[in-house]
Amino acid sequence: MRITDIRFQRARFSLEQPFKVAFGSISDLESILVRVETDEGLYGYGEAATLPYVTGDNMDTALSVGKELQAALIGKDPIAVEAIHTAMDPIYHGNTAIKAGIDIACYDICAKNAGVPLYRHLGGDDAVLHSDVTIGLNSPEEMAKKADEWVEKGFSILKVKLGEDIATDRKRMEAIREAVGQSVRIRVDANQGWSVKDSLRIIPQLTALGVELVEQPVAACDVDGLKEIRDRSDLLIAADESCHSEYDAFRLAAMRAVDVVNIKLMKCGGIFHARRIAAICEAAGISCMIGCMGESNLANVAAMHVAAATRNVKEVDLDTVYLLKQDKVFGGFTHEGGTVHLMENPGIGCTLKEVF
């Protein structure tokens, strides 16, 4: 089987409501949908969602890089995914979102060729997952109201965005815990918004409120700070922006800097690298979460398949599918609150409407 064409299409997705995190506010999302075509009539879909302040690329650069990668990959076997990455990486360093889009499409082809859903192609046997849902930054009262609404919809795990001043962040958490009760699991994500000192001040208060995990409390480059916080805290400490690659995972593991790594397909370059990061972390006794950066159903469902097939992915943070107005990409999963059931269609299982 050989690749005959790779097509790219920009697509915009609107959020049901604007979403605020420590580094900015988001009202809609744009991504690149990818279609890899082959000489045997099989095709696969992928998605590249850029986030400049995380991945360092944007839509225009991703499309430009995609065109050059396209030329290098025509004639390659899409099932030989490692060889696909070996061909892409010397052409451009980084540019992980567009590489992820191509990678996901190739894995879609692999699973379709095998006639099985992607999680089975990857070695998994359980199609049921449990995802959190994220509460964006707002006033304590508004965040507590939103948290209660999600719990009423059947979600039992909340991820709360913090990362502004710690006094207000504490009030937010107190209001949320009071609103949802003690049985709801809560983790927080500071998105690099605190200093080490502020982290160490607020974490005992979060511990008292039953928070189970703090994600990326300090700047991505401050791995020493992560380690200090982990060494001096009772809560689990997770890296997100501090871990893009296998090399980052190895460094975090060698330093014993974190308890958890949040893997994102756009951040690491796709399923191939995500699985390698998970393996490194497993060998080091670090568990993994798998998250998203504002992708549509397509990349989110691909990541769900990875979670279903990867033993060391213990937590699922794939909630953009609950926040978007979906009008271009459909299917691939059903859910009851935060309980996700992957569909048994071959490949990723999503349907694209009037895109290509």
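Throughout, read-outs are computed from the coordinates displayed, never taken from laboratory work. A quick note: this is a predicted structure, and the numbers were derived from the prediction, not measured. Positions of Cβ are backbone-derived with ideal geometry, glycine not excepted, and every protein chain shown enters the neighbour counts.
Residues in region 243-248 carry Karplus couplings, in order, of 10, 9, 9, 4, 5, 5 Hz; the curve used is 6.51 cos²θ - 1.76 cosθ + 1.60 with θ = phi - 60°, and Gly or Pro positions show x.
What does the C-alpha gyration tensor say about the overall shape of region 1-156? Classify as rounded when a/c is under 1.5, otherwise prolate if a/b is larger than b/c, or oblate.
On the way: a/c = 2.79, a/b = 1.60, b/c = 1.74.
In terms of gyration-tensor shape, oblate.
Residues in region 221-238 carry Karplus couplings, in order, of 6, 8, 5, 4, x, 4, 5, 4, 5, 4, 5, 10, 10, 8, 7, 5, 10, 10 Hz; the curve used is 6.51 cos²θ - 1.76 cosθ + 1.60 with θ = phi - 60°, and Gly or Pro positions show x.
A Cβ-based charge dipole, computed about the Cα centre of the chain with Lys and Arg at +1 and Asp and Glu at -1, lands at about 120 debye. Count Lys and Arg as plus one, Asp and Glu as minus one, and take only other residues whose Cβ is under 9 Å from that of A105; the net charge is then -2. Ranking T38, L200, T334 by Cα position along the charge dipole of the chain, where only Lys, Arg, Asp and Glu carry charges on their C-beta atoms, puts L200 farthest toward the positive end. Couplings 3J(HN,Hα) for region 93-110, derived from phi with the Karplus relation 6.51 cos²θ - 1.76 cosθ + 1.60 (θ = phi - 60°), are 6, x, 6, 6, 5, 5, 5, 4, x, 5, 4, 4, 4, 5, 5, 4, 5, 3 Hz, where x marks Gly and Pro. Each of S242, V214, N300 was scored by the projection of its Cα onto the charge dipole of the chain, and the greatest displacement toward the positive side belongs to S242; charges sit on the C-beta of Lys, Arg, Asp and Glu. Highest GNM mean-square fluctuation, the chain, Cα pairs closer than 10 Å: which of A239, A284, A147? Its mean-square fluctuation being the largest, the pick is A284.
Only Cα pairs under 8 Å and at least 6 apart count here; give the relative contact order of the chain as a rounded whole percent. Before the final figure, lay out the partial values.
On the way: 834 pairs, mean separation 68.9, N = 356.
This gives 19 percent for the chain.
Here the Gaussian network model covers the chain, with springs between Cα atoms less than 10 Å apart; of S245, S183, S156, S183 fluctuates the most. Largest mean-square fluctuation among C106, C243, C221, in a Gaussian network model of the chain whose springs join Cα atoms under 10 Å apart, belongs to C221. Exceedance of the 29 Å cut-off in Cα-Cα distance is limited, within the set K153/K227; K159/K227; K99/K328; K112/K314, to K153/K227. Assuming a ≥ b ≥ c are the square roots of the Cα gyration tensor eigenvalues, decide whether region 271-330 counts as rounded (a/c under 1.5), prolate (otherwise, with a/b larger than b/c) or oblate. Judged from the Cα gyration tensor, region 271-330 comes out prolate (a/c at least 1.5, a/b above b/c).
Given axes a ≥ b ≥ c from the Cα gyration tensor, I'd like to know whether region 194-322 is rounded (a/c under 1.5), prolate (a/b larger than b/c) or oblate. Mind dumping the intermediate values first?
Working: a/c = 1.93, a/b = 1.48, b/c = 1.30.
Prolate, since a/c reaches 1.5 and a/b exceeds b/c.
With only Cα atoms counted, the chain has Rg and Dmax values of 19.6, 60 Å. On full extension, the segment bounded by H335 and Y247 gains 28.2 nm, given 0.36 nm per residue less the C-alpha separation.
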